[in-house]
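First the structure, in the form of structure tokens, and then the observations on it.
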Amino acid sequence: MNWDFSATIAVIGDHNVDIDYVGTYPGLMSREQESLAVFESSPESVRYSGGGAANIVETLADIQVTALPVGVWDWSGSILRSVRSGILSNIFHSKGISDKGLVHGATVPAFIKYYRPSGVHVFRANIASEPISAEVEDRLVGMIEKLDGIADLVIVADYDETGNGVITKSVLEAIYYLSCPKIGLSRERADRLYGYDYLILNQMEIRKATKGRAIDSIKQYADELWNIVSPKNIIITLEGEGAVWYTKETDNPFFQETMIDSVPLTTQIDTCGCGDAFVALFAACIARGDDVEQAIKAGNAAGRAQARKLCGAHNITIDEVKREWQEVYDNEVV
């Protein structure tokens, strides 16, 4: 496996900040309402990192891919509406990530998570995406239309779960006309990602995309989603078990189903960020021209490296991904 990557990958979506608190939580009760719990925290540490689509951007940068975040934030020169945009700007600049693809127009969302020192996830409090104005949407569409000739591959990361966010109908239309390969992922609305080269979803996300219409197997969910949005490939991640890849030959109406196994970890794990790590390594391989099976194996190794890190999504290094690859795939029988 060659671990040297050189490509430019644009990531279009909701670029959030992850704020992870680690500490103790005494479970007080409210003075104002006796039955209301108060999650008072005494954090030993607070960690800020890119969240949502920005987590994929960070991971790409960590493996030496040129990552270009494309979306909306509220930072424009000296204009700053929220501290979160300043945090995200500092994260990107510390890793040499260009922010030229981000247009000014809405505050940066946040995924705020609270953990015990043991790694147990106590609770979460999100700051949701804002709706974007028509004027901001037009500027974002203009930015997307410029990606042909700049990006070797585009990742569309729809992380919004509120019905807001930047992946609007006009944005999707602009993405549709891009000629470079497209990878799509969505927490709630993968049924809007029409004609992509690859859709990467977990088991819950594909059930949401098909509205539960198929019920017997993952393969049936994939077939139903295929009928809705006609992708070239669908990849369903199966947590520690690996991933299953579905595709169809031009002259064959039936799926080709390929299972790419991994090895589940038996130690304490945290699955936060595992999907992003999978997508980043998969995309880097595909942009370079690797075959899909090898790209999925790299994604499996990256997800495994991320799962070992407790208390939220962390940076992973290419050396950590290499070690997981060696443990799972170097001795496999071909």
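The values are calculated or read from the model by the stated rules, or taken from the named source; none is laboratory data. The shown structure was predicted, so the numbers you read here are calculated from the model rather than taken from an experiment. Cβ placement follows ideal geometry from the backbone for every residue including glycine, while neighbour counts extend to all protein chains displayed.
In the range 293-333, which residues are part of a loop (DSSP other than H, G, I, E, B), in contact (Cβ under 8 Å) with a residue 24 or more places away in the chain and within 26 Å of T247 (Cβ to Cβ)?
Y329
Please work out which residue is modelled with the highest pLDDT, limiting yourself to the range 1-32 and to residues that are out of contact with any strand residue (DSSP E or B) (no Cβ under 6 Å at 6 or more places or on another chain) and among the small types (G, A, S).
The qualifying residue modelled with the highest pLDDT is A7.
From the list D270, D290, D276, pick out the single residue that is part of a loop (DSSP other than H, G, I, E, B), of a type in the set (D, E) and either in contact (Cβ under 8 Å) with a residue 12 or more places away in the chain or closer than 22 Å to R207 by Cα (or both).
Only one candidate qualifies: D270.
Where in the range 147-204 are the strands (runs of 3 or more DSSP E), entirely inside, with at least 1 residues that are in contact with a helix residue (DSSP H, G or I) (Cβ under 6 Å, 6 or more places away or on another chain) and over 16 Å from L225 (Cβ atoms)?
So the answer is 153-158.
Given the criterion out of contact with any strand residue (DSSP E or B) (no Cβ under 9 Å at 6 or more places or on another chain), under 26 Å from D20 (Cα atoms) and surrounded by 24 or more Cβ atoms within 10 Å (Cβ to Cβ), identify the matching residue among A302, A313, A280, A298.
Going through A302, A313, A280, A298 in turn, the sole match is A302.
Just checking, how many residues over the range 106-143 are under 22 Å from the mean Cα position of the chain (by Cα) and within 12 Å of V72 (Cα to Cα)?
12
Just the residues that are within 20 Å of G299 (Cα to Cα) and surrounded by fewer than 24 Cβ atoms within 10 Å (Cβ to Cβ), please, taken from the range 18-67.
Selection gives A61, D62, I63, Q64, V65, T66.
In the set S82, S89, S98, which member is over 27 Å from L281 (Cα atoms) and either without any contact (Cβ under 8 Å) to a residue 60 or more places away in the chain or polar (S, T, N, Q) (or both)?
S82
Given the options A110, A128, name the one that is in contact with a strand residue (DSSP E or B) (Cβ under 6 Å, 6 or more places away or on another chain) and either at pLDDT 90 or above or over 25 Å from T24 (Cα atoms) (or both).
Unique residue meeting the criteria: A110.
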